[in-house]
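Read the structure below first, then the notes.
The values are calculated or read from the model by the stated rules, or taken from the named source; none is laboratory data. Since the structure is predicted, the reported quantities are computational estimates derived from the model, not experimental observations. Backbone-built Cβ (ideal geometry, glycine too); neighbour counts: all protein chains shown. Keep in mind that these areas ignore ligands, DNA and RNA; they rest on the heavy atoms of the full protein, side chains included. Shrake-Rupley method; radii C 1.70, N 1.55, O 1.52, S 1.80 Å.
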Amino acid sequence: MSKSSDTNTMWGGRFSGGPSAIMEKINASIDFDKRFYAQDIAGSKAHCAMLVKQGILTAEDGQSITDGLDKVLAEIEAGDFKFSPALEDIHMNVENRLRELIGDAAGRLHTARSRNDQVATDFRLWVRDAIDRLDDGLQVLQQVLIERAEEQVDTILPGFTHLQAAQPVSFGHHMLAYVEMVGRDRSRLKDARERLNESPLGSAALAGTPYPIDRHHTAELLGFNGPMRNSLDGVSDRDFALEYLSAASICALHLSRLSEELVIWSSAQFGFVRMSDSFSTGSSIMPQKKNPDAAELIRSKIGRVVGDLNSLMMSMKGLPLAYSKDMQEDKEPVFDAADTIELSVAVMTGMIAEMTVNKEKMRESAGWGFTTATDLADWLVRELGMPFRNAHHVTGAIVKLAEDKGCDLSDLSLAEMQTVDAAITDDVFNVLTLEASVASRTSYGGTAPNNVREQIKEARQRFL
């Protein structure tokens, strides 16, 4: 049988001729939607069980279909299944093979459903699985970040604003900032999963079906919370995929920010961390180079994930209800984004777990740039009762004095400080050390080491 007659059989008697080769090429989706095979077979088995329960299929046909679907699944997983572009998509490839295995009973499986609700069901099941995989990966990343935070509670890092030295912070505190970001990423994924977890199966092409089906039963068999309430909505919207891509894009942004810090920190000019050989590469010409390529690649891959979100938004932006062939373009961006973000999370987890922290270099750098200036201003407010704006001005003058002298604030003499304000006492030097600065930030969520230890305990309870 020719490809054209195969396709005509699939479409039915409406067409007297087959598609051109170029039409077949643009129309077929099997090259990418074969990734739905497990979800497609699971959906078909649930649909079959419901048809038998409702008396629409005989128990004998139902058993034959179920056994045949199990054989098809085994063939695909063993790599023995031959996918045919002439059959367009995963649904028809599976159904065609099922017919070869069990005969005409296979044709009864499609009773009371359409490829429209079939693909919508498959897609929701696949995205649900992708969310679960990503959540698992993010939890492991959080665990590694928390472990590194616990190791580095007392390590002092220069905190930056505008990439300029601002105030000293605990490196453990810095790691916990990303734990919180990833926690919100997981929360967004959880919310998206809850909203998508309704079954389109039984919506048929767009209007429902006259058969006495039980959509609640198929929803239950497939782990959905229930069936979607509107058949048009069931087959025509992909907001669940958009929401997944949106959450993945925000997550990718967080990974990109951390990647940027790893690139900066691992440079010779900073030297805060050393990346392991497992996540670095060398240069073909410069033998001294150790490049943080893994971090750079993650930083770049954000563009792919955000691009995938934009791609699907453009595909969906002007579509009238219900199904349009444009929606065949919904899968590739989701597949690409899932592959990209899952790989990026795994690589980031490995980099953080294996990096070496240079505590001495971090502490040395934290002392540059007058990072205890705010502590001086706070001391003037607390001890001298000075309004903060006045204290800010006085501190700025003392910083200028140290800058002109080429020394740190703590290296100025009391007499030099008193040239700016005579009320300053020797007690001021107690707040000008890095350790004192970090330890003083005891407000909830602050960087004081005792705070950080409590935040680590809380993070373990919340996320792990």
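At a glance:
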item: Rg in Å to one decimal, and Dmax rounded to a whole Å, for the range 312-359 via C-alpha atoms; result: 18.6, 60
item: Enclosed volume per residue, in Å³, of the convex hull spanned by Cα atoms of the range 370-464; result: 105
item: Probe 1.4 Å, accessible area per residue of the chain, Å²; result: 47
item: Nearest-20 debye value, the chain charge dipole, Cβ charges on Lys, Arg, Asp, Glu; result: 780
item: Gain on full stretching of the segment that runs from E77 to D411 - 0.36 nm per residue minus C-alpha separation; result: 113.2 nm
item: Kirkwood Rh (inverse of mean 1/r, distinct Cα pairs), the range 161-242, angstrom; result: 16.1
item: Accessible surface, 1.4 Å probe, highest first, among residues S203, S20, S276; result: S20, S276, S203
item: Using a Förster distance of 60 Å, the FRET efficiency for S267-D239 (Cβ separation, nearest 0.05); result: 0.90
item: Longest exposed-site-free window of the chain, the sites being trypsin sites (Lys or Arg not before Pro) in a DSSP loop that have at most 16 other C-beta atoms within 10 Å; result: 318-464
item: Size of the chain as Cα extents on the principal axes (Å, biggest first); result: 99, 52, 38
item: Accessible surface of the chain [probe 1.4 Å, protein heavy atoms]: carbon and sulfur percent; result: 51
item: Span from the the range 149-192 Cα centroid across to the the range 271-320 one, whole angstrom; result: 21
item: Charged-residue dipole, Cβ positions (Lys, Arg, Asp, Glu), the range 306-420 about Cα centre, Debye nearest 20; result: 400
item: Principal axis dimensions, the range 77-211 - Cα atoms, whole angstrom, descending; result: 74, 37, 25
item: Selection from Q143, P158, F388 lying farthest towards where the dipole of the chain points positive, charges on Cβ; result: Q143
item: Hull-based mean projected area of the range 314-416, where the convex hull spans the alpha carbons, in square nanometres; result: 14.4
item: Karplus-derived 3J(HN,Hα), 6.51/-1.76/1.60, for each residue of the range 95-101, Hz, glycine and proline x; result: 5, 5, 5, 4, 5, 4, 7
item: Cα-derived Rg to Rh of the range 239-397, Kirkwood definition; result: 1.21
item: Whole-Å distance, taken between Cα centres, linking the range 394-421 and the range 61-111; result: 81
item: 12 Å tail of the calculated P(r), the range 265-320, as % of Cα pairs; result: 74
item: Cα→Cβ-extended label distance, 7 Å offset, between Q418 and D135, nm; result: 6.5
item: Charge-dipole axis of the range 269-329 as Lys and Arg at +1 and Asp and Glu at -1 on Cβ define it, positive-most pick from M286, L297, G318; result: M286
item: Inverse of mean 1/r across different Cα pairs in the range 48-109, Kirkwood, Å; result: 12.0
item: Gyration tensor over alpha-carbon atoms, the range 228-270, equivalent ellipsoid semi-axes in Å; result: 42, 5, 4
item: Loop-exposed chymotrypsin sites (Phe, Trp or Tyr not before Pro) per DSSP, neighbour cap 11 Cβ within 10 angstrom, longest uninterrupted part of the chain; result: 1-367
item: Potential lengthening between E364 and E24 on full extension [0.36 nm per residue; Cα-Cα distance subtracted]; result: 115.9 nm
item: Computed over the range 86-150, Cα set: Rg, Dmax in Å; result: 20.0, 64
item: Net lengthening on full extension, F388/T281 (0.36 nm per residue, minus Cα-Cα); result: 33.5 nm
